[in-house]
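Trainee: After the structure tokens below, expect a handful of questions from me.
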Amino acid sequence: MREVLRSADSIPTSVVDPIAGEFDALSPAYDVISAARTGQPAGAIAGGPVRALQVRAVPPAPLPMAQAGALVPSPSSVDGTLPLADRFGRVASDIRISLTDRCNLRCEYCMPAEGLPWQPREEHLTADEIIRISRVLVGLGIRTIRLTGGEPLLRKDLPEIIAALHAIPELEDVALTTNGVLLERQAAAIAAAGGARLNVSLDSADPEEFKAITRRDDLDRVLAGLVEARRHPELRPIKINAVALKGVTEGALDGLLAVASSVDAELRFIEPMPLDADRAWTPDDGLSGAQLRDLLAQRGELRPVETAKSATAQRYELGPGGQVVGFISSVTEPFCASCDRLRLTADGQLRSCLFSHDETDLRTALRAGASADELEALIRGAVWAKPQGHGMNEPGFEPPDRPMSAIGG
Ligand code: SF4
């Protein structure tokens with residue numbers, strides 16, 4: 001329970017938050033956290049004008065030592081040298097930053113044909129705001145930033161953002177997830193900006209099937225985008241992500257394997273998740289990783305490939321040619337126990353988990369003048385409270401309010 005300490009004349013002086021520690025009551029960080037957690041408009045609790053004061057944090061009382069899934073002692077929350085850890089001992093090192101909720105495709109497992117009520121552009125983080133938050137995140141130990149959407153290539157300032165990310169010294173890895181429709185036109189500019197590891201979403205290499213899934217006749221543009229990307233060493237490695245759709249992917253396998261091989265890309269299959277805007281998802285919509293491995297094993301021997309502990313995909317080499325295929329099986333083989341990922345939405349909400357029901361509003365804090373320390377405290381508080389897992393297989397599971405297109409993959 002949060003405790004409010006008061007001066008003699010009952011003005012709130014500081015607040016002890018069980019997760020984020022103690023804050024000066026008048027700091028923007030205090031306001032925003034209160035707003036995020038109590039739903040009251042920012043500033044309502046503090047009551048006075050917002051002043052940027054130095055945030056002090058006192059770590060909460062230590063908790064019992066870690067067993068798998070058990071809570072772990074919280075590190076002192078604003079000691080910058082300490083890892084960006086959650087209560088389960090997982091350390092965040094990877095963030096997906098959504099640049100927009102808009103998309104130029106209408107995939108039937110993601111959104112309705114008419115699209116969604118897009119967020120006003122002024123609510124989206126500017127390039128400068130993205131970089132400011134990214135600098136704080138990298139200071140906290142984030143080493144990979146993946147740019148996503150909606151469709152990130154719809155952002156005109158994408159090359160500028162990529163170049164500015166590459167200018168952050170400790171950032172090791174910039175990646176980009178795109179549907180590839182605008183890739184042929186923008187590949188050179190992205191490469192010139194310093195490049196990015198590329199994930200291209202493609203569920204079928206059959207024009208009619210592609211059109212039926214995406215409600216757009218753009219397969220040729222996606223394939224041309226892959227060929228163009230292949231020409232730029234700054235856009236490596238290339239991975240193709242196919243959502244594993246029952247009644248579709250079985251027939252699409254050979255076409256996808258051929259496209260992936262032609263552009264020297266790794267092909268990964270993603271189990272569909274309950275993040276569609278129509279809330280129509282059922283567990284029977286998709287093919288599981290195990291089912292797909294059985295199907296691919298009919299095409300050649302599958303040999304496991306060593307993969308990083310926190311990686312989302314289980315990877316294999318297929319047949320004599322050794323083409324690499326991967327399986328992202330978050331529904332049937334969850335990988336939450338080793339999750340090192342965070343998400344920042346286009347409108348500046350930090351999500352510690354794809355399926356979080358909680359968000360921390362970094363945009364309001366930033367625009368209210370929050371210092372790097374205050375942003376850091378907000379981020380640490382949010383990460384500390386990260387849920388143990390997605391809970392999809394638990395009774396009473398509720399998908400998050402936001403669809404995937406407004407979170408970013
Ligand atoms: S569902 Fe959440 S905790 Fe699990 S892997 Fe995804 S982001 Fe991580």
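The values are calculated or read from the model by the stated rules, or taken from the named source; none is laboratory data. Just so it is clear, the structure is predicted and the values come from calculations on it, not from any experiment. We place every Cβ from the backbone using ideal geometry, glycine too, and count neighbours over all the protein chains shown. SASA here: full protein model, heavy atoms, side chains in, ligands and nucleic acids out. Shrake-Rupley method; radii C 1.70, N 1.55, O 1.52, S 1.80 Å.
Trainee: Write out the GluC sites (Glu not before Pro) in the range 94-147 meeting two conditions: DSSP loop, and at most 10 other Cβ atoms within 10 Å of their Cβ.
Mentor: E114
Trainee: In nanometres, what is the gap between the two model label sites at E208 and D128, each 7 Å from Cα along Cα-to-Cβ?
Mentor: 5.3 nm
Trainee: Let me ask something else. Using a basic spin-label model with each label point 7 Å from the Cα along Cα→Cβ, how many nm lie between D157 and D173?
Mentor: Placing both labels 7 Å beyond Cα along the Cβ direction yields 2.7 nm.
Trainee: Something else: Hey, can you find the accessible area per residue of the range 94-336 for me, probe 1.4 Å, expressed in square angstrom?
Mentor: 41 Å²
Trainee: Each residue of the range 315-328 in order: what ³J(HN,Hα) in whole Hz does its phi give by Karplus 6.51 cos²θ - 1.76 cosθ + 1.60, θ = phi - 60°, with x for Gly and Pro?
Mentor: 10, 9, 9, 10, x, x, x, x, 4, 8, 10, x, 10, 9
Trainee: Just how far, in whole angstrom, is the range 372-405 from the range 303-365 if you go by their alpha carbon centroids?
Mentor: 14 Å
Trainee: I've got another one for you. On the accessible surface of the range 94-336, probed at 1.4 Å, how many percent belong to carbon and sulfur atoms?
Mentor: Ligands and nucleic acids excluded, carbon and sulfur reach 51 percent.
Trainee: Right, here's the next one. Provide the FRET efficiency to the nearest 0.05 for the R121-A297 pair, computing r from the beta carbons and using R0 = 51 Å.
Mentor: The value I calculate is 0.60.
Trainee: Another question, if that's okay. How many nm is it between the label spots at D220 and A311, if each spot is 7 Å from the Cα in line with the beta carbon?
Mentor: If labels sit at D220 and A311, their model points lie 3.6 nm apart.
Trainee: Follow-up question, since we're still on this one. Can you give me the long-range amide H partners of I240? Hydrogens built in the peptide plane at 1.01 Å from N, cutoff under 5 Å, separation of 5 or more residues or another chain.
Mentor: V200, E266, L267, R268
Trainee: Please work out the Kirkwood hydrodynamic radius for the range 94-336, using every pair of different C-alpha atoms, and report it in angstroms with one decimal place.
Mentor: Final number for the Kirkwood radius of the range 94-336 is 18.6 Å.
Trainee: Moving on to the next point. Taking θ = phi - 60°, what integer Hz values does the Karplus form 6.51 cos²θ - 1.76 cosθ + 1.60 yield along the range 400-405, in sequence order, with x for Gly and Pro?
Mentor: Listing the rounded values in order: x, 5, 7, x, 3, 5 Hz.
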